[in-house]
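Coordinate-derived values only; no laboratory data. In this text, all values refer to a predicted model and were calculated from it rather than measured experimentally. Counting neighbours? That spans all protein chains shown, and the Cβs are built from the backbone with ideal geometry, glycine included.
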């Protein structure tokens with residue numbers, strides 16, 4: 001436990017006037033400093049592109065699962081350390097890879113394996129080996145997954161050689177509150193707390209009887225964890241897209257991660273500020289391509305791929321090349337995070353989020369979040 005107090009600390013809190021849970025803080029980890037809210041770009045350890053070679057970023061996330069499944073990569077990372085292996089001197093979170101086992105009844109690794117990898121590869125932060133819940137599973141199976149996560153949390157937090165992030169899970173507010181209380185018995189006030197099992201609620205549960213409004217449940221879950229751990233930085237796993245990040249940050253989430261920049265590029269999609277997925281060329285296949293307004297946004301793009309190119313050249317390279325799309329998408333993701341931070345500090349955070357979320361899937365959910373803010377202020 002002492003690792004936390006010696007290696008991770010917060011300084012210089014800033015709290016927003018409109019959103020009561022929104023804040024920014026200077027986070028210090030291993031003598032490195034970053035300002036929240038954070039966005040950790042997910043990276044496959046043995047894959048290109050290395051985004052940090054194209055523009056400055058401070059935070060990335062890698063998965064222990066992706067390392068362990070490749071023996072050559074595992075041995076090289078353990079020998080060199082994750083920072084030297086990647087050629088990256090910023091902050092690295094190493095996730096346990098529990099989400100990769102979402103559809104399995106048991107993990108192929110145990111917590112001791114993960115602790116050994118963390119100790120040898122030396123990321124700045126590690127994540128407790130958790131067993132994410134599945135919204136389509138029955139309650140007993142999910143309860144069993146949580147008990148395994150709790151056992152791993154106890155073992156790893158007591159024996160870890162690097163700072164570790166415990167993760168809470170729950171598909172009802174009662175279960176989530178119990179999960180928070182279980183973690184508090186192991187570590188009452190962790191500097192960073194994670195909220196997991198969120199991604200399946202968005203992609204698997206739309207229109208389900210159990211979760212009539214899964215995103216509103218996520219909003220309520222985030223608020224609950226913030227209230228249960230008011231002095232802990234809150235990281236929500238896997239929900240840091242170019243639009244969803246603004247909803248999450250406006251709820252008081254301090255930290256997000258996303259592989260979306262890469263996954264969307266692999267499917268041929270590009271990202272634009274305040275816009276959903278777009279395909280660079282209209283191929284008459286029903287997929288959303290660039291509108292006139294979208295092209296105006298793309299024409300203004302100054303990412304490493306688009307800079308100094310005409311609009312026609314931008315569209316051509318983004319349509320034809322995965323690496324170019326990935327770099328462009330990553331830049332848009334990080335630029336959106338940076339803009340949010342700027343707006344938070346200058347007092348225009350509400351107007352910015354409202355503009356970004358007024359159209360599309362998250363619009364009604366932002367309105368739901370605002371109703372709760374008004375209720376809190378009146379209360």
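Students often check this: by mean Cβ neighbours within 10 Å, which of 306-313, 344-351 ranks highest, and how do the rest follow?
Details: 306-313: 13.0, 344-351: 15.4.
Highest-to-lowest ranking by the protection proxy: 344-351, 306-313.
Which of 252, 87, 240 moves most in a GNM of the chain, Cα contacts under 10 Å?
Comparing 252, 87, 240 in a Gaussian network model of the chain, the most mobile one is 87.
Please figure out what share of the DSSP beta bridges in segment 2-258 is antiparallel and state it in percent, rounded to the nearest 5. Walk me through the numbers on the way to the answer.
On the way: 10 of 33 bridges.
Beta bridges within segment 2-258, antiparallel portion: roughly 30 percent.
If packing is taken as the mean number of other Cβ atoms within 10 Å per residue, what is the order of 131-140, 292-301, 18-27, highest first? Could the numbers behind the result be given before it?
Values: 131-140: 16.8, 292-301: 14.5, 18-27: 18.5.
Listed from highest to lowest mean packing, they are 18-27, 131-140, 292-301.
Give the Cα extents of the chain along the principal axes, in whole Å, largest first.
Projected onto its principal axes, the Cα set of the chain covers 56, 56, 43 Å.
Considering the chain as a Gaussian network with a 10 Å cut-off on Cα pairs, which listed residue, 41, 155, 125, attains the greatest mean-square fluctuation?
155
Distance between the C-alpha centers of segment 233-270 and segment 325-373? Whole Å please.
Centre-to-centre distance over Cα atoms comes out at 11 Å.
Sorted by mean Cβ packing within 10 Å, highest first, what order do the peptides 57-69, 166-178 take?
On the way: 57-69: 21.2, 166-178: 19.5.
Most protected by this proxy first, the peptides run 57-69, 166-178.
At 222 nm, what helix-only mean residue ellipticity would the chain give, in deg cm²/dmol to the nearest 500, using -39500 (n - 2.57) for each DSSP H run of four or more? All intermediate terms of the calculation are to be shown ahead of the outcome.
Values: 16 runs with 174 residues, N = 379.
That calculation yields -14000 deg cm²/dmol at 222 nm.
Using Cα-Cα distances under 8 Å and only pairs 6 or more residues apart, what relative contact order does segment 2-258 have, in percent?
Numbers: 454 pairs, mean separation 47.4, N = 257.
It comes to 18 percent, rounded to a whole number.
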